[in-house]
Amino acid sequence: MAVKRTLRQGTQGSDVAFMQMLLNTIPQTLLQRLIEDGVFGRRTLERVVEFQKGAKLVADGVIGSQSWAMLDQLTPFFAPTGQVTTHAGRMAQ
């Protein structure tokens, strides 16, 4: 399993966009859908804190190893590279 970097407000990159996409797949939110732009801004921070509270994690707004593990558990049909997998575990074309 690849090590995922810690994400916090101000972080930018494809891994931030991937995290935003994962958060958008979790339906239990009262907040607006995130724009998957790869920028960890104020709205992403609010969504991360909401997710962490709901998952009974430390709600510090930082996506570290525990938050990544919970996102992986809640979104099992997505590969770490950000590619969608099929239910059989093969990469979707």
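Worth pointing out:
- Note on residue 60/residue 26: beta-carbon distance plugged into 1/(1 + (r/R0)^6) with R0 of 22 Å gives a FRET efficiency of 0.75.
- Dmax and Rg, reported as Rg then Dmax, of the stretch 16-60 (C-alpha, Å): 9.6, 27
- Accessible area, probe 1.4 Å, largest first, for residues 30, 45: 30, 45
- In Å², nearest 10: area of residue 77 left accessible to a 1.4 Å probe: 90
- Each of residue 73 and residue 9 was given a label point 7 Å from its Cα along the Cα-to-Cβ line. The distance between the two points is 2.7 nm.
The values are calculated or read from the model by the stated rules, or taken from the named source; none is laboratory data. Predicted model only: the values in this text are computed from it and were never measured. Cβ: placed from backbone, ideal geometry, glycine included. Neighbour counts: every protein chain shown. In case anyone asks, the SASA skips ligands and DNA or RNA and just uses the protein heavy atoms, side chains included. Shrake-Rupley method; radii C 1.70, N 1.55, O 1.52, S 1.80 Å.
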